[in-house]
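Participant: Here it is, the structure, as structure tokens.
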Amino acid sequence: MKRLIDTLIEQLIKMSGAVTEITVLLIIVFLFKEGAGLFNASEVEKGYTVLVHSENTVERLSPKELKEVFDGNIENWEKLGGKDEAIRIFRFDEIFSIYTEDELGKDYVLLPEKLEEVISADPTIIAYIPQKYLPTNLQGIKELAKMNISLTDFYIGKEWIPTATPAPLFGILPLLLGTLLVSFIAILIAIPLGVGVAIYLAEIANERVRKLLKPAIELLAGIPSVVYGFFGLVVIAPIIQKIGGLDLGETAFAGSLVLAIMALPTIISIAEDAMRTIPKAMRDASLALGATKWQTIYKVIIPFASSGIAAAVVLGIGRAIGETMAVLMVTGNAAVIPNSIFESVRTIPATIAAELGEAPGGGAHYQALFMLGCVLFIITLIISIVAEVISSRKIIKE
Amino acid sequence: MIETKNVNFYYGSFHAIKNVNMKMKSNSAIALIGPSGCGKSTFLRLFNRMNDEIPGAKLEGECWINGKDIYTKHTQVDMLRKNVGMVFQKPNPFPKSIFENVAYGLKVNGIKDRAFITKKVEESLTAAALWDEVKYKLNKSAFELSGGQQQRLCIARALAVSPSILLMDEPASALDPISTAKIEELIHVLKQQYTIVIVTHNMQQAARVSDKTAFFMYGELVEYSDTKKMFLAPEKEETQNYITGRFG
Ligand SMILES: Nc1ncnc2c1ncn2[C@@H]1O[C@H](COP(=O)(O)OP(=O)(O)O)[C@@H](O)[C@H]1O
Ligand SMILES: [Mg+2]
């Protein structure tokens, strides 16, 4: 009977382990499957196409070029490798001001023909139209080559404008840099503070203070990040704005501060645990040789706890990089490459949270957001591996 | 010369050392014996003020070393500890190289001269009878040494800062008989240059290494005399009982 229960429990534990592993794997597979679709998606928004006159020598335009053209920033074909002619932009709506409803026929059956007429009449034209009105007879008209969104556009693209027409821009560089900048500054703030407080708790504070402070700090780790975000929004951002004399307090720096505050409890708690595992004998040995308390801390305790401290820091970073809500609330959410920490930025998690709701399922935007998730996953994976390496590293230098 | 005057020591309300008056001559070995929990370690730690680290502990009376009260407001505890070295019950080398272990005390005491440190490390390891065993692997981790070697390393580490007194708290209790014999031999040599106060559980060891022996019980100093006399003809009955093994 006892043996039976034993094996039963063992099997249950094994099973739950397997289920967890499979779930995690499934999530990762799902993430990458959804994300990878992005590179099979057309650059031009789904269901639309871009037409030019057949004599136009331009064969294809990158999403960036398309955007510049339709924004009116590029006005001459020469810049795109064509003839020296001014570009005429033709937006689909214009067809309704050229022709009356009657001329376009019932259910717009004649619309493709009329489009053909208009486009073939002007060698400088560029037209952006729904795929379904594509003229059947492409005389005097040329469809620009349809390219898939490329890896380079995604990974080193400098602009993230998922709603741009005709071609949305999915360059993650601003988001990636935003994430790294905010996290990096946060870590720069959190490490000295966190390790400092950990040292204070483990080595300096008396037992009563420690018993009070440690649970309080651990409690901080449990506060929902929205609360931190709100705090950042109503307290930190205005302070930064005032002190820095800025137009806007919601900056990368505000995000870093909020993240640092959020990462602190993790760092403090784990680093303190690491320091408290140091045998009393080590401390005594150092003190008995005439080392001061401070010498003992930085020559014996910190090196001895270094792998634990490193793990604490990495876990803190992990929280900072993946954090969504708080950062979403205080960084100002401008998806541009930041020049300084006092500018608005937008991080990857914040982007996913903010945009997933509006991105139509299965569309390029949706897939791009999943790809962002993959990037985030890889970043945190790297961090975990680093953490693993550091904490398994032998503390003794040979 | 070490002297205690009416020393009482308390852990909170627990009276661990009771009115002890004792004088220890320089360049000799003094053994502290007595049953477990009688306060030997507590008494030993008074002389390098390691008891200071214990919260709620309190000292009454005076401790003098070489003509100075070591518990005044002006006493520099780090300088005191440089002069009064300590070897602990369990070998406790740092997780550093053999060399760095011995050099540690010099470095924390502000010595930067590489050549001097190197010289001092060799001298100390030689004095601790370890040099020949480790001279080719000074950069190896101290943890690669055997327990007995580690304890001698800890002795070398204590000697490196040139103390005049060495406190040893059951330094051989965690070691095998051969390592123990080596440590005892070492104490014999060291006591010509250093004052050695050694706590031991082992009667034979006390008899072998010390010039004088102090017997403690329940925090009181029961008897203190020449080792020979103590073991051959103790004055007190408790001492007699303890050394013949009828107690503790
Ligand atoms: N840090 C401490 N806090 C409270 N009591 C202690 C502490 N260290 C030792 N004691 C008590 O003081 C008494 C003497 O201890 P100790 O000096 O370690 O004895 P010994 O070394 O002779 O075995 C024991 O009863 C012990 O329980
Ligand atoms: Mg003891």
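Participant: Considering the Cα positions of the range A:48-148, please state its Rg to one decimal place and its Dmax as a whole number of Å.
Facilitator: 13.4, 40
Participant: Next up: Please give, to one decimal in nm, the separation of the simple spin-label points placed at B:ASP226 and B:THR72, each 7 Å out from Cα toward the Cβ.
Facilitator: 3.6
Participant: With a point put 7 Å past each Cα toward its Cβ, work out how far A:ILE204 is from A:ILE382 in nm, to one decimal.
Facilitator: The answer from the label model is 3.5 nm.
Participant: Taking R0 as 56 Å, what FRET efficiency do you get between B:GLU144 and A:GLU113 from their Cβ-Cβ distance, rounded to the nearest 0.05?
Facilitator: 0.05
Participant: Per 0.36 nm of contour for each residue apart, how much would the distance between A:LYS146 and A:ARG88 grow if the chain were fully extended, relative to their Cα-Cα spacing?
Facilitator: So the extension gain works out to 18.8 nm.
Participant: What length, rounded to one decimal in nm, is gained on full extension from B:THR244 through to B:HIS15, with 0.36 nm per residue of separation minus their alpha-carbon distance?
Facilitator: Residue separation times 0.36 nm, minus the Cα-Cα distance, leaves 79.7 nm.
Participant: Going 7 Å from the Cα of A:ASN73 toward and past its Cβ, which residues in the range A:7-45 have a backbone nitrogen under 19 Å from where you end up?
Facilitator: Label zone hits: A:43-45.
Participant: I've got another one for you. Which value, in Å² and to the nearest 10, is the accessible area of B:LYS119 when all protein chains are kept and the probe is 1.4 Å?
Facilitator: Surface open to solvent at B:LYS119 totals about 110 Å².
Participant: Determine the sum of side-chain charges near A:ILE204: Lys and Arg each +1, Asp and Glu each -1, restricted to other residues whose C-beta is under 11 angstrom from that of A:ILE204.
Facilitator: Combined, the nearby Lys, Arg, Asp and Glu give +1.
Participant: For the protein assembly as shown, build the charge dipole from Cβ charges (+1 Lys, Arg; -1 Asp, Glu) around the Cα centre, then report which of A:VAL389, B:PRO177, A:SER97 sits farthest towards its positive end.
Facilitator: Going by the Cα projections, it comes out as B:PRO177.
Participant: Just report the Cα centroid separation between the range B:11-55 and the range A:290-325, whole Å.
Facilitator: Computed from Cα coordinates, the inter-centre distance equals 37 Å.
Participant: Something else: Carbon-plus-sulfur fraction of the accessible area of chain A, 1.4 Å probe, in percent?
Facilitator: Using a 1.4 Å probe with all protein chains present, chain A comes out at 65 percent carbon and sulfur.
Participant: For the range A:173-397, place one equal point scatterer on every Cα, skip the solvent, and apply the Debye formula. What is log10 of I(q)/I(0) at q = 0.10 Å⁻¹?
Facilitator: -0.52
Participant: Counting only protein chains, not ligands or nucleic acids, how are A:PHE370, A:PHE231 ordered by accessible area (probe 1.4 Å), most first?
Facilitator: A:PHE231, A:PHE370
Participant: Report the Cα-based extents of chain A along its three principal axes, largest first, to the nearest Å.
Facilitator: Here the Cα extents, ordered largest to smallest, are 97, 70, 43 Å.
Participant: Right, here's the next one. Within a 10 angstrom radius of each residue's Cβ in B:103-111, how many Cβ atoms of other chains show up on average? Whole number is fine.
Facilitator: Partner Cβ neighbours, averaged per residue: 4.
Participant: Considering only the other residues whose Cβ falls under 12 Å of the Cβ of A:VAL300, what net charge follows from Lys and Arg at +1 and Asp and Glu at -1?
Facilitator: Charge balance in the 12 Å sphere: +3.
Participant: Please go through the residue pairs B:LYS40/B:LYS90; A:LYS280/B:LYS120; B:LYS18/B:LYS229; B:LYS68/B:LYS191 and name each one whose alpha carbons sit more than 18 Å apart in this structure.
Facilitator: Exceeds cut-off: A:LYS280/B:LYS120; B:LYS18/B:LYS229; B:LYS68/B:LYS191.
Participant: Sticking with this one: With each run of n ≥ 4 DSSP H residues scored as -39500 (n - 2.57), what mean residue ellipticity at 222 nm is computed for chain A after dividing by its residue count and rounding to the nearest 500 deg cm²/dmol?
Facilitator: -17500 deg cm²/dmol
Participant: Modelled label-to-label distance, B:GLU62 and A:GLU101, 7 Å Cα→beta-carbon offset: nm?
Facilitator: 11.5
Participant: Just to make sure I understand: if all protein chains stay in place, what is the order of B:ILE155, A:ILE223 by accessible area at 1.4 Å, largest first?
Facilitator: So the residues, ranked largest to smallest area, are A:ILE223, B:ILE155.
Participant: Still on this structure: Considering every residue in A:275-285, what mean count of other chain Cβ atoms within 10 Å of its Cβ is obtained?
Facilitator: 3
Participant: If you don't mind, another one. Quick one: length gained pulling A:LEU4 to A:LEU213 fully straight, 0.36 nm per residue minus the C-alpha distance?
Facilitator: 70.6 nm
Participant: Now for a separate question. About the Cα centre of the range A:48-148, what is the dipole size in debye to 20, counting +1 per Lys and Arg Cβ and -1 per Asp and Glu Cβ, all else neutral?
Facilitator: Approximately 440 debye in magnitude.
Participant: Short version: ³J(HN,Hα) in whole Hz for each residue of the range A:229-242, in order, from phi by Karplus 6.51 cos²θ - 1.76 cosθ + 1.60 (θ = phi - 60°), x for Gly and Pro, what are they?
Facilitator: In residue order, the calculated couplings are x, 5, 4, x, 5, 8, 10, 5, 4, x, 5, 4, 4, 5 Hz.
Participant: Now, a different point. Under 10 Å, Cα contacts only: if you run a Gaussian network model on chain B, which one of B:LYS23, B:LYS112, B:LYS82 comes out with the highest mean-square fluctuation?
Facilitator: Evaluated over chain B, the most mobile residue of the options is B:LYS112.
Participant: Report, to two decimal places, the Cα Rg of the range B:109-248 normalised by 2.2 N^0.38 Å (N = number of residues).
Facilitator: For the range B:109-248, the normalised Cα radius of gyration is 1.22.
Participant: Quick check: the distance between the Cα centres of the range A:219-248 and the range A:73-109, to the nearest angstrom?
Facilitator: So the separation of the two Cα centres works out to 48 Å.
Participant: What do you get when you divide the Cα radius of gyration of the range B:47-196 by 2.2 N^0.38 Å, with N the number of residues?
Facilitator: Ratio of Cα Rg to 2.2 N^0.38 Å: 1.07.
Participant: Hey, got the average number of other protein chain Cβ atoms within 10 angstrom for residues in A:289-301?
Facilitator: 5
The values are calculated or read from the model by the stated rules, or taken from the named source; none is laboratory data. This one's a predicted model, so the numbers in the text were calculated from it and none came from an experiment. Cβ atoms come from the backbone with ideal geometry, glycine included; neighbour counts cover every protein chain shown. Only protein heavy atoms, including side chains, enter the accessible area calculation; ligands, DNA and RNA are left aside. Shrake-Rupley method; radii C 1.70, N 1.55, O 1.52, S 1.80 Å.
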